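Inspection log for the structure reproduced underneath, given as structure tokens.
Values in this text are rule-based calculations from the coordinates and carry no lab data. All figures in this text were calculated on a predicted structure; none of them were measured in a lab. For neighbour counting, all protein chains shown are included, and Cβ atoms are generated from backbone atoms with ideal geometry for every residue, glycine included.
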Amino acid sequence: MNDSIKDQINNLISLLNDPNIKSKQAAFNVCFEQLTQAKKLASWETIVSIINIETGMVFDAKTAANMYGRTKKKYLNKKKIIKPKGVNPIENNEFVSTEINKNKIHQNQKRHVSNPDELRKIRSRTIDLDELKNGD
């Protein structure tokens, strides 16, 4: 059974032995799916003992479980469809962003200045607060 677990975490072991790897957490992030399979076969204590033997590092089960939990949280967040603020669901499970639509309308209403005289006229224009309230 240890051989099958070792086969599952072989990639993790090689990454932990690699001096170029950024961190132990980065290695766990890369090997999330293999760790998930290994976790189905054995406890964290068994997995950690194999890692300790193969890498010469000192891990405890709590640390490995914590690192795996962080990775799982990141992995699940990537899988979720996060509904951005200002998005309304409509038919066919499509989303229409009200904020994006507002920005497009606003951009279409912007004046394009082609010469400095037009820019001076725009800058000198007075703004009525009632116009702002009405969205003009």
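Suppose we filter the stretch 2-14 for residues that are more than 18 Å from ARG70 (Cα to Cα) and either surrounded by 16 or more Cβ atoms within 10 Å (Cβ to Cβ) or polar (S, T, N, Q) (or both); how many remain? Result for the stretch 2-14: 9.
One line per residue, one yes/no per condition, for (1) free of Cβ contacts under 8 Å to residues at least 12 places away in the same chain; (2) more than 18 Å from SER4 (Cβ to Cβ); (3) touching a Gly at 6+ places or on another chain (Cβ under 6 Å):
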position	(1), (2), (3)
ILE21	yes, yes, no
GLN25	no, yes, no
ASN29	no, yes, no
LEU35	no, no, no
SER43	no, no, no
ILE47	no, no, no
THR55	no, yes, no
ALA61	no, yes, no
TYR75	no, yes, no
